[in-house]
Amino acid sequence: MLYVRPKISEMGMHLLGRSVHPELYETCAARVVERELYRLTVRIMTTGHLITFQTGEHLITEVCCGVHQLLPQQGRLFSQTLDNSRTHRLAGSGTPIWESSFEMESVNPRLLVTVHQHVAQPREFEGLLNRFASSGRMPLGAISYVNLQAFRRHVNVMSFHTFPDTCSIVRVESRFAVPSSESV
């Protein structure tokens, strides 16, 4: 399916200490990774991405989405617009560890075309990929790509979302980890 993504000026990063109901968003691609100590669910949504990391009784959800995306206020641990580069860390007693670095970058139109051509090459993807419809202003549609590196006690998630209308890219690198108090 092809979708048009929200404007980059309307994007934000959120962390919730709870799950988000599936009826609040439209999923374009999804993957689940289960290990002995955790379960990770990654979804590319029409508005960005949603990542849920659960270990034991604790669950956190990272959401990169447009401001018009409905998200619960209850359980919100972090909320930030994507207007600058930021690095954040959350670690509590017995709760999953979350570290994230995100940035919005304006790029040369030729570089954006090169990125799109590279991603469009037919091949197996290790992560999730979704191509969105063109908004009509630019011939390119947006792309969302999420790559996962799953280990025994943690997962590294690298994602990028392109915004051809403004020649911009949002990059997010997140690390979700099992707290050291969890059994080995």
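The values are calculated or read from the model by the stated rules, or taken from the named source; none is laboratory data. These numbers were taken from a predicted model, which means no experiment stands behind them. Reconstructed Cβ throughout: ideal geometry from the backbone, glycine too, with neighbour counts over all protein chains shown.
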Single residue of segment 34-44 satisfying the filter (farther than 14 Å from S19 by Cβ and either of a type outside the set (D, E) or assigned to a loop (DSSP other than H, G, I, E, B) (or both)) that is nearest to the chain's Cα centre (by Cα): I44
- request: Residues being hydroxyl-bearing (S, T, Y), at pLDDT 95 or above and touching a His at 6+ places or on another chain (Cβ under 9 Å): count how many of those fall in segment 47-74.
  value: 1
task: Mind listing whichever residues of segment 123-172 are of a type in the set (S, T, N, Q), in a strand (DSSP E or B) and either surrounded by 15 or more Cβ atoms within 10 Å (Cβ to Cβ) or under 13 Å from the mean Cα position of the chain (by Cα) (or both)?
output: N130, S144, N147, N156, S159, T162, S168
- prompt: Condition test on G94, is it within 28 Å of R39 (Cβ to Cβ), touching a residue at least 40 places away in the same chain (Cβ under 8 Å) and in contact with a Pro (Cβ under 6 Å, 6 or more places away or on another chain)?
  reply: yes
- request: Determine if segment 49-68 includes at least one residue that is part of a loop (DSSP other than H, G, I, E, B), under 23 Å from T162 (Cβ atoms), in contact (Cβ under 8 Å) with a residue 40 or more places away in the chain and more than 15 Å from the chain's Cα centre (by Cα).
  value: yes
message: Tally up the residues in segment 84-96 that are in contact with a Ser or Thr (Cβ under 9 Å, 6 or more places away or on another chain), on the phi < 0 side of the Ramachandran plot and either in a loop (DSSP other than H, G, I, E, B) or surrounded by 13 or more Cβ atoms within 10 Å (Cβ to Cβ) (or both), please.
response: 7
message: Condition check: surrounded by fewer than 16 Cβ atoms within 10 Å (Cβ to Cβ) and in contact with a Lys or Arg (Cβ under 9 Å, 6 or more places away or on another chain). Does G75 satisfy that?
response: yes
- prompt: From the set of residues in segment 101-115 that are outside any helix (DSSP H, G or I) and hydroxyl-bearing (S, T, Y), which is modelled with the lowest pLDDT?
  reply: S106
task: Taking only segment 116-149 into account, find how many residues are β-branched (V, I, T) and modelled with pLDDT under 85.
output: 1
query: Considering only segment 1-26, how many residues are over 30 Å from P139 (Cα atoms) and either at pLDDT 80 or above or among the hydrophobic types (A, V, I, L, M, F, W, C) (or both)?
result: 8
- prompt: Tell me, which residue of segment 20-41 that is within 17 Å of R152 (Cα to Cα) and either in contact (Cβ under 8 Å) with a residue 60 or more places away in the chain or of a type in the set (S, T, N, Q) (or both) is surrounded by the fewest Cβ atoms within 10 Å (Cβ to Cβ)?
  reply: E36
